[in-house]
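The values are calculated or read from the model by the stated rules, or taken from the named source; none is laboratory data. The model shown is predicted, which means the values in this text are computed figures rather than measured ones. Note: ideal-geometry Cβ built from the backbone for every residue, glycine included; neighbour counts use all protein chains shown. Just so you know, the surface numbers come from the protein's heavy atoms only, side chains and all, with ligands and any DNA or RNA stripped out. Shrake-Rupley method; radii C 1.70, N 1.55, O 1.52, S 1.80 Å.
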Amino acid sequence: MAGAFQAIASRVGRTAAAGSDGASDSYKTGREPRAYRAPMNTAPRLDLIGVVVSDMAASLAFYRRLGLEIPDGAESAPHVEAALPGGLRIAWDTEDVVRSFDPGWQRPEGGNRIELAFRCAAPEAVDAAYEELVAAGYRGHLKPWDAVWGQRYAVVLDPDGSGVSLFADSTESTDSTTDSTDAT
């Protein structure tokens, strides 16, 4: 960083020495140019969601059905990444990859702590996506229902048993008595 700043200061100094009045305000005040200062907000930014999988091919097939654009031929890779809308990324790592840097890692038992949720275009699309996934052999967890918070909602399980929500904003308050019991 110091070398980069020195190179910039040297160029700015040459410009000023050559009689130009085009020196930046940062040069005139002796402050480091803004582009080379640490940003005011250095808080971490969420950039990637990581999913640990036991069967990469099965997991990628599941998430492709949900519309994620995953590179072709990635099924045999130990680590796969895909870009999501808005700049966020999702990555899948095999259990062996995780154990390579965290030898004590163990597959979680019990319920989910984090769940991915996919927005569907309309309430009917929640039902259609749920039915398509169940028909393809994936396990339904909660059949589609009209949730009290104003969404059509359903949950399917990915190949590792993690819950994946499907939801859409309800067009209007509809019958909230739709069955939401365990679909197993």
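Assorted remarks:
- Residues whose amide H falls under 5 Å from that of Ser170, counting only those 5 or more places apart or on a different chain, are Gln151, Arg152, with hydrogens built in the peptide plane.
- Taking the Cα centre of segment 32-136 as reference, the dipole from Cβ charges on Lys and Arg (+1) and Asp and Glu (-1) amounts to some 580 debye.
- Segment 82-156 - percent of accessible surface contributed by carbon and sulfur, probe 1.4 Å: 53
- Selection from Trp105, Leu157, Leu88 lying farthest towards where the dipole of segment 86-168 points positive, charges on Cβ: Leu88
- Of the peptides 51-61, 127-137, 146-156, 84-94, the order by per-residue mean of other Cβ atoms within 10 Å, starting with the highest, comes out as 146-156, 51-61, 127-137, 84-94.
- Taking segment 144-169 and a reference point 7 angstrom along Cα→Cβ of Arg113, the backbone N atoms nearer than 16 Å belong to 162-163.
- The calculated FRET efficiency for the pair Val134 and Thr42, based on their C-beta separation and a Förster distance of 45 Å, comes to about 0.50.
- Accessible area per residue for segment 71-148, computed on protein heavy atoms with a 1.4 Å probe, is 65 Å².
- Close amide H contacts of Val52 (hydrogens built in the peptide plane, cut-off under 5 Å, sequence separation of 5 or more or a different chain): Asp93.
- Residues whose placed amide H lies under 5 Å from that of Arg89, excluding near-sequence neighbours: Leu48, Ile49, Leu84
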